1. Rounded to the nearest 20 debye, what is the charge dipole size of the stretch 2-72 about its Cα centre when +1 sits on each Lys and Arg Cβ and -1 on each Asp and Glu Cβ?
2. The chain: which chymotrypsin sites (Phe, Trp or Tyr not before Pro) are DSSP loop and have at most 14 other beta-carbon atoms within 10 angstrom?
3. For a paramagnetic label modelled at 7 Å from the Cα of residue 1 toward its Cβ, which residues of the stretch 23-40 fall within the zone defined by backbone nitrogen distances under 11 Å?
4. For the stretch 2-72, build the charge dipole from Cβ charges (+1 Lys, Arg; -1 Asp, Glu) around the Cα centre, then report which of 5, 31, 57 sits farthest towards its positive end.
5. For P(r) over Cα pairs in 5 Å bins from 0, in percent, several values are listed as (i) 3, 16, 27, 25, 18, 7, 2, 1, 0; (ii) 3, 12, 20, 23, 23, 16, 3; (iii) 3, 14, 21, 22, 18, 13, 7, 1; flag the one computed from this structure.
Amino acid sequence: FVFSAESYGTRGAEDLYMTQFTRTGWSEPICLGATINTPMQELTPFLSDGKTLYFSSNGKGGDGGFDVFMSEKLDDT
């Protein structure tokens, strides 16, 4: 599960985090790091197939305002 939050030591206004549901409950959120997160906002994450993440950001130098970006998970870490 990927979500956007302004907590847990964010890099910017809002960052993306990942958590997993296990038999004991939700895992501690893990920040997706500087490759994804910027000092601005990352919002509206959508994990389409378990490894392709779409999200919007106003901090990655797109066409202006919020633009949509895609990132692919390379391994299971």
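1. Working: 4 positive and 9 negative charges, 41 e Å.
Charge dipole, the stretch 2-72, about its Cα centre: 200 debye, nearest 20.
2. Numbers: sites: 1, 3, 8, 17, 21, 26, 46, 54, 55, 66, 69; in loops: 1, 8, 66.
Answer in residue order: 1, 8.
3. Within reach of a label on residue 1: 25-29.
4. 31
5. (i)
Coordinate-derived values only; no laboratory data. Here the structure is a predicted model, which is why all the values come from computation and not from measurement. Virtual Cβ from ideal backbone geometry, glycine too; neighbours counted across all protein chains shown.
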